[in-house]
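The values are calculated or read from the model by the stated rules, or taken from the named source; none is laboratory data. Only a predicted model underlies this, so the values are computations on that prediction, with no experimental measurement involved. Glycine also receives a Cβ, built like all others from the backbone with ideal geometry; neighbour counts cover every protein chain displayed.
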Amino acid sequence: MNLASRLSPLSARRSGPLQGRVRLPGDKSISQRALILGAMAVGETRITGMLEGADALSTANAMRALGALVERTGEQAWRIMGVGVGGFAQPRAPLDFGNSGTGSRLTMGAVAGCPIEATFDGDASLRTRPMRRIVDPLELFGARTISQVDGGRLPLTLRGALDPIPIVYEVPVPSAQVKSAVLLAGLAAPGTTTVIENEATRDHTEKLLKHFGAHIRSEEFGKHGRRITLTGQAELEGAPVVVPADPSSAAFPLVAALIVPGSEIILDGVMTNPLRAGLLTTLQEMGAGIEMLETRNEGGEDVADLRVRGSTLKGVDVPAERAPTMIDEYPILAVAAAFAEGVTRMRGLKELRVKESDRLEGTAAMLRNNGVTIEIDGDDLIVHGKGSVPGGGLVATHMDHRIAMAALVLGTASAEPVTVDDAAFIATSFPGFADMMRKLGADLS
C-alpha cells in the first residue's frame, strides 16, 4: 500500500451562511493536565467534559503504564485513582504519545521526580520536535538523559532523580510546556522550586495544581512576566475537574462564521482565560462581531458563550508580546487576515517553527497556494488581505491538525474549493470537526 492510498483528503467549498449553536470539545491543555495531575494525586479524580482526541487518549494510556488506574466512565467522563507524587511505577514498554507534544513534555516533568526510567516516543511528527528545552531544566533536578536521538529528539530515555533538588529556573523562551514540566518535577523536590517567565504563558498548570492542593503562588515579574513559586513534597489530593470548551478549537468555527457572509452562530462554554484570549482580542481589533454571553467561572477558569456574526474585517498589527496568549491560533488568524481589507502583520512567531510542523512556513504555503499574497520577514508573518480569496489550492498538512482545519475554514468562503491532502490528524485535537462544521452549514466533502 503506497502513502497516497493511506491519506484522507477533504475539501471545503464556498458555503451559505453558517447558523446554529454548538458545544465544542473540551480544552486539550486542561484535559491532559488533569490526567497527569490526577495520576500524581492520592485518591480519586473525576474528569467531566474531557477532550477524547488522540492526544489526550495517548496521555491517558501513558498514565496507566506508569501505574495509575485510568478508566472511561461515560461520554467525556473519566475516573483516575492516582499513585501520589513520586509514586509512578517503571513502565514495561516505551510510552507512546502519538502526536502529543504537551503530553510527552509534561509527563517528562512528572517522571523526573520519580526514581524510575522511562522511554518517551511518538509518531513521525513528534519525533521531529525538540525536547532539550524540557530535558535541560529537568537535569538540574537530578534527572538524567540515558539516550536520545539527534540532539534531544524522541525516542528519548529519561531516568528520574533519586533525590530531586529544588531549582530556580528562568524560562529562556515563552513556553507553558517548559514551565509546567519544571513545576511537575518540583512537586517531588524538598523546599521551593521557582519558575521565572519574562512573558506570561497559559497558566492552567498553576490553577490545576492549586485545585489539587499544591502550595503555589504566582506574582507579576517585570512588564509582562510571572514568578511562580511551588512548595515541594506536599501531597496532592484527588479532585473533580470540569473541562471547559477549548478556545483553540473554537477558533475554527468562530473564524468561519466571521468570513462567511450572513452567518450567526453561538459557541457554548468557551474558556476565556486572559492568557488564552489573544485571538479574541485581535479579532475584535479587526472589527469582528463577537459577543460574550453568560460569562461565568467553572473549575477556576473564566467561561462564556460566544455569539459570532459575519463581519467586515480590517488588517491590524499584532504585537509580539501577544504571541504566548494565542500561539496555536496563528494559522486560523492568518485565514481571517486573508479575508480582511489591508495588511495584517503578526510579529514574533519564532515558536511556530517548532510545532507539529514548521507552522510558520506551513501557514504561508497554505495561503500562497490559494492565491493570497503573504510574506515571512524574520519571525513575522505578513498577510496582504483583499477581502476575498481565490482558493482552488491543495494544501499539504504535514501531519498538522491546525493547518488542516485552517485550510478547510479558508475554503468555506473562497471562490474555489480548498482541499487538504490529509484530514486524519484533525482527530488529534478536534474529533468530529467535519461533522460539526457540516451541522453549522459548511460544505465539506
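Computed values, structure above
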read-out: Test: residue in the stretch 287-310 that is among the charged types (D, E, K, R), part of a loop (DSSP other than H, G, I, E, B) and either over 18 Å from Ser249 (Cα atoms) or assigned by TED's automatic domain parsing to the domain that holds Pro17 (or both); value: no
read-out: Of the criteria (1) within 24 Å of Gly348 (Cα to Cα); (2) in a helix (DSSP H, G or I), which one Leu258 fails; value: (1)
read-out: Residue ID - farthest from the chain's Cα centre (by Cα), chosen from residues in the stretch 261-279 that are in a helix (DSSP H, G or I) and not small (Gly, Ala, Ser); value: Pro274
read-out: Scope the stretch 199-223; condition within 21 Å of Ile327 (Cα to Cα), among the polar types (S, T, N, Q) and at pLDDT 95 or above; matching residues; value: Thr205
read-out: Gly213 being surrounded by fewer than 18 Cβ atoms within 10 Å (Cβ to Cβ), in contact with a Leu (Cβ under 7 Å, 6 or more places away or on another chain) and part of a loop (DSSP other than H, G, I, E, B); value: yes
read-out: Residue list for the stretch 8-61, filter: surrounded by fewer than 24 Cβ atoms within 10 Å (Cβ to Cβ) and over 21 Å from Ile426 (Cβ atoms); value: Gly16, Pro17, Gln19, Arg21, Val42, Gly43, Glu44, Arg46, Thr48
read-out: Residues satisfying the stated conditions in the stretch 145-171, i.e. in a loop (DSSP other than H, G, I, E, B), modelled with pLDDT of 95 or more and farther than 24 Å from Ala34 by Cβ; value: Ala161, Leu162, Asp163, Ile165, Pro166, Ile167
read-out: Single residue of the stretch 347-363 satisfying the filter (under 27 Å from Arg13 (Cβ atoms) and in contact (Cβ under 8 Å) with a residue 24 or more places away in the chain) that is nearest to the chain's Cα centre (by Cα); value: Glu356
read-out: Residue count for the stretch 288-306, restricted to those that are surrounded by fewer than 15 Cβ atoms within 10 Å (Cβ to Cβ), under 28 Å from Arg347 (Cα atoms) and not charged (D, E, K, R); value: 1
read-out: Pick from the stretch 289-318, criterion small (Gly, Ala, Ser) and in contact (Cβ under 8 Å) with a residue 40 or more places away in the chain, ranking: nearest to Ile265 (Cα to Cα); value: Gly310
read-out: Conditions (1) out of contact with any Gly (no Cβ under 8 Å at 6 or more places or on another chain); (2) over 20 Å from Gly371 (Cα atoms): number failed by Met405; value: (2)
read-out: Residue check for Thr192: polar (S, T, N, Q), touching a helix residue (DSSP H, G or I) at 6+ places or on another chain (Cβ under 9 Å) and either surrounded by 24 or more Cβ atoms within 10 Å (Cβ to Cβ) or modelled with pLDDT of 95 or more (or both); value: yes
read-out: Complete set of residues in the stretch 333-346 that are under 25 Å from the mean Cα position of the chain (by Cα) and either β-branched (Val, Ile, Thr) or surrounded by fewer than 24 Cβ atoms within 10 Å (Cβ to Cβ) (or both); value: Val335, Thr344, Arg345
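Condition check ((1) charged (D, E, K, R); (2) more than 28 Å from Glu235 (Cβ to Cβ)) across all residues:
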residue	(1), (2)
Ile116	no, no
Thr128	no, yes
Arg132	yes, yes
Glu139	yes, no
Ser147	no, yes
Val168	no, no
Ser180	no, no
Ile196	no, no
